[in-house]
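Quick notes on the structure that follows.
Any read-out appearing in this document is the output of simple, stated calculations on the displayed coordinates, not a laboratory observation. All figures in this text were calculated on a predicted structure; none of them were measured in a lab. Every residue, glycine among them, receives a Cβ derived from its backbone with ideal geometry; neighbour counts consider all protein chains shown.
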Ligand code: SAM
C-alpha cells in the first residue's frame, strides 16, 4: 500500500517523544530497514500481527504498508496521539492498546495464527519471549516471532549446545521451535544508539516432542542451568525425581548442562515427566 506519511523525525518532534531510557526506547527511523524487518515473516497481507512497543510507529508503518492487520500495545502514553494518526490513515487496520505488554493476555491482542513482530524494549524482551515460548498449548497461537534483541540475547536464543552462549533460553527456544538470526542490526541504526549491537531473531514453531510438557522441561532446565558451573549430579539434586530421571536416560551425571544437546534435554525432561506423572499422553 502506497501512502504519504510525514517523516518519523517530524512526528517525534511534533509529539515531543524524547526517548526514555527507563522504557527501553531506542527508535528505528530508517524506512528501508523497517521494511526489511517487516518482510522477514513473509507475506503479511491481511495477516493479524501483534507489535509490542510501537513507540512513534516506525515499524507499525512498515507492517501496515505490508498489508497487515496490526494490534499494538504501548506503555508510553505520549506515543498514543502519534499512533492515532496512523489509525486514521490505515482505517480499520490498526488497533491501539495502551498498557504493559507483560500484563496483556496474548489472546486479547492476537487471533490464532497471527504473527508477533517487534523491536522489543530491552528491559522486558526476554520475559516476553519466555512467555510466548512457554505456552502450554502447542502449536501456539502465534505463527512466528520476529523480534529485535540485543545481540548477546539473540546469540543465546540460537546458541548450539557446547557453546558458552548455550543455556536455558536456547533450550526453551529450540526444543519445539526453529530459531535463527534473520538480520544483524548495527547500533547506529537506532535513535539514540544503544551501547551494544542488536539482531532480529525469527522463530517458527515445530512439533512438540511426545511425552514432554513445558512445565517438566522448564523445571529441568531451571535446575540444570541454575548452577551452570556444577555437574548435573549436583545441580539436579534439589529437584525431586530429577536424578532418577538422569539415571534413566543414561546421561553421565558428571556432565555440565551446557554440554547436553537439545535432544538430551528432551530425553531428560521426558523421563522426568514420566516419573512425576505430569504427562500421560504424547500431547502437550
Ligand atoms: N517500535 C519502535 C521502533 O522500532 O522504533 C519503538 C521500539 S523501542 C525499542 C521499545 C518500545 O516499547 C518503546 O516505545 C517503549 O515505550 C515500549 N515499551 C517499553 N516497555 C513496554 C511494556 N512493558 N509494554 C509495552 N510497551 C513497552
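The helix-based estimate of mean residue ellipticity at 222 nm for the chain, built from -39,500 (n - 2.57) per DSSP H run of four or more residues and divided by its residue count, is -10000 deg cm²/dmol to the nearest 500. Extending 7 Å from Cα along the Cβ direction at residue 151 and again at residue 91 yields two label points whose distance is 4.6 nm. Compute the FRET efficiency between residue 263 and residue 131 as 1/(1 + (r/R0)^6), taking r as their Cβ-Cβ distance and R0 = 25 Å, and round to the nearest 0.05. My answer for the efficiency is 0.50. Using a simple spin-label model with pseudo-atoms 7 Å out from Cα toward Cβ, residue 278 and residue 204 lie 2.9 nm apart.
Look at where the Cα atoms of the stretch 237-264 and of the stretch 66-122 average out, and the two centres are 42 Å apart. With a simple spin-label model that places each label point 7 Å from the Cα along the Cα-to-Cβ direction, the separation between residue 10 and residue 197 comes to 3.5 nm. For the peptides 7-14, 110-117, the ranking by mean Cβ contacts within 10 Å, running from highest to lowest, is 110-117, 7-14.
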